[in-house]
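Below you'll find the structure, written out as structure tokens, and then a few comments.
Here, each number is a calculation from the coordinates, and none is a lab measurement. Quantities reported herein were computed from a predicted structural model and do not represent experimental measurements. When we count neighbours, we look across all protein chains shown, and the Cβ atoms used for this are built from the backbone with ideal geometry, even at glycine.
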């Protein structure tokens, strides 16, 4: 069995998670993927890539090590990571996969799949697969009236995995805890006048080393991550208050409202005022 189902871009652009395409493989011993980092095929550089195994076995290669996975195991790649996995030739896995986008789910995902592939074991793979079966049915007969249900089922599936999955052993890059702590620090203090030097000093790393490791782990530069954090904070103010745009710019860490508007439009593809109105309509 080889099945691929693509979902149309949702009419409502603000779901916290939404699948781009989903599918499954069984009885397919030549199933193998070897994608370079930041592959733009099917926008994979912007999507999470989640797999879970129902039966059989296969392999994930990371950092030069090949890991064998079987029934009840899964793996998650964050956006921009290199991907290398394959079915076992003699006992090929029966596997399901979802490529999906998220909006403001970073804390929920807990940095899983960011900087390195996340290997995990599920207590009950059948519960997750029930959600997957519904997604497959929705994808096979999709219409725009179902897009809210599609997002809700994917969110339920992710909840089961984040709540119940147990991480499998994987040797970690020793810099990752410091990089993740820096990312959390930037989210929490993004409204301050932070510099990359300040953040590197927080981790105890030199600026060049911190910048290189941060981009390897998070898929973006520290500057881009700080900008995204400020934009997310500004979004919250735009939707929860009536504060003027000029004041929101200052409260979100921008020194000038004109620069804030420029950055917001570049990231969100609409002005702050258009964003506020789009949610009010």
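Packing-based ranking of 239-246, 27-34, 75-82 yields 75-82, 27-34, 239-246, ordered from highest to lowest mean Cβ neighbour count within 10 Å.
Figure the gain on full extension for residue 143 and residue 195 (residue separation times 0.36 nm, minus the Cα-Cα span) and round it to one decimal in nm.
14.1 nm
Helix 147-164 and the longest principal axis of the C-alpha atoms of the chain enclose an angle of approximately 80°.
I need the shape label for the stretch 122-281. Rule: rounded when a/c is under 1.5, else prolate if a/b > b/c, else oblate, with a, b, c from the alpha carbon gyration tensor.
Oblate, because a/c is 1.5 or more while a/b does not exceed b/c.
Using Cα atoms only, what is the angle between the long axis of helix 207-218 and the major principal axis of the chain, expressed in degrees (0 to 90) to the nearest 10? Helix 207-218 and the main axis of the chain meet at about 50 degrees.
Extension gain for the segment residue 68 to residue 267, taken as residue separation times 0.36 nm less the Cα-Cα distance, is 67.7 nm to one decimal. The fraction of all Cα pairs in the stretch 2-167 landing in successive 5 Å bins from 0 to the largest distance is 2, 9, 19, 23, 23, 16, 7, 2, 0, 0, given as whole percents. With the gyration tensor restricted to C-alpha atoms of the chain, the semi-axes of the equivalent ellipsoid amount to 35, 25, 14 Å, longest first.
Structural size metrics of the stretch 181-244, computed from C-alpha coordinates, are Rg and Dmax of 13.0, 42 Å. Once the Cα atoms are used to define both axes, helix 257-268 deviates from the longest principal axis of the chain by about 10 degrees. The convex hull drawn around the Cα atoms of the stretch 108-215, when projected onto a plane and averaged over every direction, covers 9.4 nm².
Geometric descriptor of the stretch 146-195, per residue, is 142 Å³ (volume of the convex hull of the Cα atoms).
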